[in-house]
Amino acid sequence: MHITGHEAFRRGFFEDGAAEENASAASYNLTVGEIVWNGDTRGESRQLEPQETITLVSKERISLPEGVVAYAMPKTGLTNDSIL
């Protein structure tokens, strides 16, 4: 059975900063809570060099009940802009 983003929000699957406006009929769009750059989380503005990576930690925490599975995928618009 497919659960919409709105239904997942109403069921409380997202904690710590979840917002209903991030829910849609097909998904829930997580937001960036923290940027980790080589273990550093100071949040300074920097430019990525080619082939360099960072870790984005979502603001929301996902809490699923037993028997529920969720898939996390990058947004298509971001991958079209070479952000994966």
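Evaluated with a Cβ-only charge set (Lys, Arg +1; Asp, Glu -1), the range 9-84 carries a dipole of roughly 200 debye about its Cα centre, given to the nearest 20.
For the chain, carbon and sulfur atoms together expose 51% of the accessible surface, with a 1.4 angstrom probe and every protein chain in place.
Within the listed set GLY39, GLY17, GLY67, the residue fluctuating most in the Gaussian network model of the chain (springs between alpha-carbon atoms under 10 angstrom) is GLY67.
Taking the charge dipole of the chain about its Cα centre, with +1 at Lys and Arg Cβ atoms and -1 at Asp and Glu Cβ atoms, the residue from ALA19, VAL57, TRP37 reaching farthest to the positive side is ALA19.
A 1.4 Å probe run over the protein chains yields, for the chain, 81 Å² of accessible area per residue, whole-number rounding. Each listed q (0.12, 0.15, 0.24, 0.25 Å⁻¹) maps to a log10 I(q)/I(0) for the chain from the Debye sum over equal C-alpha point scatterers, namely -0.45, -0.67, -1.23, -1.28. For the chain, relative contact order (Cα pairs under 8 Å, six or more residues apart, normalised by length) works out to 30 percent.
The values are calculated or read from the model by the stated rules, or taken from the named source; none is laboratory data. Everything numeric here is computed off the predicted structure, so don't read it as measured data. When we count neighbours, we look across all protein chains shown, and the Cβ atoms used for this are built from the backbone with ideal geometry, even at glycine. In case anyone asks, the SASA skips ligands and DNA or RNA and just uses the protein heavy atoms, side chains included. Shrake-Rupley method; radii C 1.70, N 1.55, O 1.52, S 1.80 Å.
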